[in-house]
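Worksheet: one structure, shown below.
The values are calculated or read from the model by the stated rules, or taken from the named source; none is laboratory data. In this text, all values refer to a predicted model and were calculated from it rather than measured experimentally. Reconstructed Cβ throughout: ideal geometry from the backbone, glycine too, with neighbour counts over all protein chains shown.
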Amino acid sequence: MANAWERGEGPDELGALLAPPAATVREEWGLECPKCHRDDGLRIECLVVSALSVDGVAPAGDLEWSNGSLCMCNHCEHQDFVLEFRPLSPCIACGDPTPEGMPCPCLEPEEGQ
């Protein structure tokens, strides 16, 4: 079953009101700390478009992050890129550990094919 990150979905207010909450951050976003394996307190460096006015600043768009965004665990303070916070699973073809939700290099076509 694909999680929200794999489906290309972000948080939205209506969806949050209608859908039952995910049991864990790992189930919803496919992320957990690679050091302490907790997933109930992660911080991610995000990009957000904001509206500036004389009255202040207000978010005006969706939050975005990528595998190259910085991520930090609130519990053990481990810090690395988001990609490193994706739990590893064995590839179904070759058995190599591969970040969940990411294609294994063995499954990608070789250049020139």
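Figure legend. Inter-residue proximity from the range 57-72: first residues over 22 Å from ARG38 (Cα atoms), second residues at pLDDT 90 or above and not in a strand (DSSP E or B), beta-carbon distance below 7 Å, spacing 6+ or different chains. Indicated pairs: LEU63/CYS46; GLU64/CYS46. Looking across the range 37-49, just one residue is assigned to a strand (DSSP E or B) and among the charged types (D, E, K, R), and that is ARG43. Remark: pairs (first residue in the range 84-113, under 23 Å from LEU42 (Cα atoms); second residue surrounded by 10 or more Cβ atoms within 10 Å (Cβ to Cβ) and acidic (Asp, Glu); Cβ separation under 6 Å; 6+ apart in sequence or on different chains) = ARG86/GLU100; PRO87/GLU32; PRO87/GLU100; SER89/GLU100; GLY101/GLU6.
Quick one: in the range 85-101, of everything that is farther than 18 Å from THR24 by Cα and surrounded by 15 or more Cβ atoms within 10 Å (Cβ to Cβ), which residue is farthest from the chain's Cα centre (by Cα)? Once the filter is applied, the top-ranked residue is CYS91. Among the residues of the range 77-113, what is the count of those that are part of a loop (DSSP other than H, G, I, E, B) and over 12 Å from GLU32 (Cα atoms)? Counting residues in the range 77-113 that are part of a loop (DSSP other than H, G, I, E, B) and over 12 Å from GLU32 (Cα atoms) gives 17. Tell me the residue from GLU45, GLU108 that is of a type in the set (Asp, Glu) and surrounded by 10 or more Cβ atoms within 10 Å (Cβ to Cβ), please. Going through GLU45, GLU108 in turn, the sole match is GLU45. Taking each residue of the range 45-56 that is at pLDDT 90 or above and looking for partners that are part of a loop (DSSP other than H, G, I, E, B) with beta-carbon atoms closer than 6 Å, six or more apart or interchain, yields GLU45/SER69; CYS46/TRP65.
Identify all residues within the range 50-73 that are under 24 Å from GLY30 (Cα atoms) and part of a strand (DSSP E or B); write none if there are none. Hits for the range 50-73 are GLY61, ASP62, LEU63, GLU64, LEU70, CYS71, MET72, CYS73.
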